[in-house]
Amino acid sequence: MRRALVVVGGGEHARVVAETALAAGFEVLGFVAPEPAEGMTHDLGIPWLGRDDALEESREALAVLGVGAVRIEDKRQGLVERLEPAAGWATVVHPRAWVSPGAVLGAGTVVMARAMVQTRARIGAHCVINTGAIIEHDVDAGDFSIFGPGAVVGGGARVCTGALVGLGANVRDHRVVGAKALVGMGSIVVRDVEPGECVVGVPARVMERRE
């Protein structure tokens, strides 16, 4: 039996989430967003159900966040706190991803194609593990953390709540990326990153601190 799903959001990331859900065997009933989105309706044939309050009408459907970009972790968290899908939040894994049977994925997390989550990794709620990202063994990823395409996080590392590891960035094993920190695209993290820091480069260096 196919599981019914509604995507929250209608932008670029939402299209990827919707296609991932379709590949994973969900029946995507539609999407909720402030306004219609041609990419969802025209490209994928997924109807616009209305604004966020339309989610309440899909009582039997799970929901998943399709809102994802740099520095919007507070918005994503706010949506989750405000919306309460009756059937709960879906965990969506692309059939071409590898998730170890010994890993744990939180509600609302999305794992894209060719991503890998290794044994004893603990991924929190509403995380995004993008295309080709590698989460090694024993990694602890907090709620709302995002891993860009091709990012690699070494074994035993900890990525805290709301942090973002950018496209192609590497985090050395047993290092800590603090809450709401941002690891810039292509960076290599060899030391702990403090909460709110934005780091870039090889090796990564601090460029600014987020409030």
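Each reported figure results from applying straightforward, stated rules to the coordinates on display, with no laboratory input. This is a predicted model, so every value here is computed, not measured. Virtual Cβ from ideal backbone geometry, glycine too; neighbours counted across all protein chains shown.
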So, in nm, how far is label residue 52 from label residue 84 when the simple model puts each one 7 Å beyond its Cα toward the Cβ?
1.4 nm
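Roughly how compact is the chain, stated as its Cα Rg over 2.2 N^0.38 Å to two decimals?
Working: Rg = 16.6 Å, N = 211, 2.2 N^0.38 = 16.8 Å.
Cα-based Rg divided by the globular estimate yields 0.99.
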By how many degrees, 0 to 90 and rounded to 10, does the Cα axis of helix 12-23 deviate from the longest principal axis of the chain?
70 degrees
With everything on Cα atoms, drop me the angle between helix 73-82 and the longest principal axis of the chain, reported from 0 to 90° to the nearest 10.
40 degrees
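For the range 92-198, would you read off the P(r) tail past 24 Å as a percentage of all alpha carbon pairs?
9 percent
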Among trypsin sites (Lys or Arg not before Pro) in the range 15-118, those in a DSSP loop whose Cβ has at most 14 other Cβ atoms within 10 Å are 51, 59, 71, 96
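List the GluC sites (Glu not before Pro) within the range 1-80 that fall in a DSSP loop (any state other than H, G, I, E or B) and whose Cβ has at most 13 other Cβ atoms within 10 Å. Walk me through the numbers before you get to the answer.
Details: sites: 12, 19, 27, 38, 56, 57, 60, 73; in loops: 60.
Answer in residue order: 60.
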What is the Cα radius of gyration of the range 3-82 over 2.2 N^0.38 Å, N being its residue count?
0.99
Only Cα pairs within less than 10 Å get springs; with that Gaussian network setup on the chain, which residue of 50, 142, 162 has the largest fluctuation?
50
Let me have the relative contact order for the chain, percent, based on Cα pairs under 8 Å that are six or more residues apart.
11 percent
Gain upon complete extension [residue 122, residue 75; 0.36 nm per residue less C-alpha separation]:
14.6 nm
Relative intensity, log₁₀ I(q)/I(0), of the range 149-190 from a Debye sum that treats every alpha carbon as a point, q = 0.20, 0.26 Å⁻¹
-0.48, -0.83
Calculate for the chain the 222 nm mean residue ellipticity that helices alone would give, adding -39,500 (n - 2.57) per DSSP H run of length 4 or more and normalising by residue count, nearest 500 deg cm²/dmol.
-3000 deg cm²/dmol
